[in-house]
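These notes concern the structure reproduced below.
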Amino acid sequence: MSSFPAHELKQDIAQPSPWNLAAIAGRFIEISASASPASLTLAFGLVREAQNLREPVGWVTSMESFFYPPDAAHGGVDLAALVVIRVLHAASIPAAGEKLLRSGGFGLVVLDLGIADIPMPLQSRLTGLAQRHHAALVCLTEKESRTFSLGSLVSLRAHAERQRSSDHRFACRLRVLKDKRRGPTWSHEELCRGPAGLC
């Protein structure tokens, strides 16, 4: 997977988007996407926010899939401060994420699962640890919006999509499909400038 930076936020002044680190802290979040790097862009927005708040961030992925570091850095992510763990197989990603959460030292943990799944007992432990340490747990999955979420413990499921809005810019939209706190009645959009290859 590759990404492009999102550094211009389009906000609704009357009602700010609930898509921010404070709103998802302690929750089990799934961002799905199909053939689009929009989920990475939106996740890196959270990484930037966490780093600005001096919250440590952990990112777990497999050797088969990895974001493009120059794009992340261009988007404002401090790569030197980002803890990245790469495991041999995607099936090992959730267990590595559990170790990060169990440490209690991370404000945000991102699991770049792709098409991998998480067994329900492990989902239960991950959810409990996220709540105990008030950490945001964000899982990135590759699937269509109509496909089932990772499981019933997912607190918020959203589908990420990208559309070209103008020359050199793209709109990354997060469409909420499930939200146990607010209901699936909202969406979030960021206006992004793509790297040279996408412009």
Tally of residues being over 23 Å from Ala171 (Cα atoms), open to solvent by less than 40 Å² (accessible area, probe 1.4 Å) and either assigned to a helix (DSSP H, G or I) or among the β-branched types (Val, Ile, Thr) (or both) across the range 52-82: 3
Filter result for the condition that a residue is modelled with pLDDT of 95 or more, assigned to a loop (DSSP other than H, G, I, E, B) and closer than 26 Å to Asn20 by Cβ, over Ile93, Ile85, Ile118: Ile118
Phe106 being among the aromatic types (Phe, Trp, Tyr) and touching a helix residue (DSSP H, G or I) at 6+ places or on another chain (Cβ under 8 Å): yes
Subset of the range 105-162 [among the basic types (Lys, Arg) and either free of Cβ contacts under 8 Å to residues at least 60 places away in the same chain or open to solvent by 40 Å² or more (accessible area, probe 1.4 Å) (or both)]: Arg125, Arg132, Arg146, Arg162
Test: Gly114 is at positive phi and in contact with a strand residue (DSSP E or B) (Cβ under 6 Å, 6 or more places away or on another chain): yes
Members of the range 163-174 that are in contact (Cβ under 8 Å) with a residue 12 or more places away in the chain, open to solvent by 50 Å² or more (accessible area, probe 1.4 Å) and small (Gly, Ala, Ser): Ser165
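Do we have Leu40 as open to solvent by less than 30 Å² (accessible area, probe 1.4 Å) and in a strand (DSSP E or B) here?
Considered against the rule, which asks whether it is open to solvent by less than 30 Å² (accessible area, probe 1.4 Å) and in a strand (DSSP E or B), Leu40 comes out as no.
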In the range 121-155, the residues that are part of a strand (DSSP E or B) and closer than 21 Å to Arg102 by Cα: Ala136, Leu137, Val138, Cys139, Leu140
Residue count, the range 175-187 (criterion: closer than 14 Å to Ser155 by Cβ and open to solvent by 50 Å² or more (accessible area, probe 1.4 Å)): 6
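The values are calculated or read from the model by the stated rules, or taken from the named source; none is laboratory data. Since we're looking at a predicted model, the values are computed, not measured. Note that we place each Cβ from the backbone using ideal geometry, even for glycine, and neighbour counts take in every protein chain shown. For the accessible areas, the whole protein counts, side chains as well, though only heavy atoms, and no ligand, DNA or RNA atoms are used. Shrake-Rupley method; radii C 1.70, N 1.55, O 1.52, S 1.80 Å.
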